[in-house]
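Below you'll find the structure, written out as structure tokens, and then a few comments.
Laboratory data are not the source of any read-out in this text; all were calculated from the coordinates shown. Values in this document were obtained by computation on a predicted structure and should not be read as measured data. Note that each Cβ is placed from the backbone with ideal geometry, even for glycine, and that neighbours are counted across all protein chains shown.
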Amino acid sequence: MRTRSFCGFRGGPLGPPVGSGQDCAGCGEPYYHDANPCAAVLVEDATGRVLLGRRTIEPAGGRWNIPGGFRGRDETREECARRELREATGCTVELTGFLGHVIDVHGVGGDHTLKALYTARIVAGESVAADDVAELRWFALDATPPAAELAFANAAEALRRLADRQGKESAAHPRTPDPSWSSTTTTGATSPP
Ligand SMILES: [Zn+2]
């Protein structure tokens, strides 16, 4: 967690992290390190491949990323998703599904992000890398880059969810059973919390 030095209300010094926040030594107001809302978009083509972009900028420069970005204050998540795709690819997309959220960290020691994962298809334009993307490439879900070449930890989880939705297995990122959801480790309850 990237800590903050000063309170945004009266400029007093912020104390050490307590949980996911810091308390101001001056006015006592807590500063919460909220996860920043983002949208990430898994664009599919007619054969089920997914469009990934290689980042030009830090953090994670040179690594493959699911196109997306930070939500503006006056944007809905869906507006953010379509805008970020337009900026990164030049394409207009139609959102086709929602795969839930993942929590991620924006670079080592960086701020947390809350990413809304959408699926989409291109409805207008030819994809051309732009903005902070060096290269765009379509990947079959059984041939996506390994975790070490993905920009953010939860890109692998997003690709697993997309593979699940397509009824496929993500070869590079196989699903490992979550023991907390497994009926073999609980007595009685078998449904997710
Ligand atoms: Zn203060």
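Just one of (1) more than 16 Å from the ligand (Cβ to nearest atom); (2) in a strand (DSSP E or B); (3) hydrophobic (A, V, I, L, M, F, W, C) fails for C80. It is (2). For the structure I just gave you, tell me whether V123 is surrounded by fewer than 20 Cβ atoms within 10 Å (Cβ to Cβ), outside any strand (DSSP E or B) and not small (G, A, S). Answer is no for this residue.
Among residues that are within 16 Å of the ligand (Cβ to nearest atom), crowded, with 17+ Cβ neighbours inside 10 Å and over 19 Å from G100 (Cα atoms), C27 is not included. Just one of (1) in contact (Cβ under 8 Å) with a residue 12 or more places away in the chain; (2) within 16 Å of the ligand (Cβ to nearest atom) fails for V43. It is (2).
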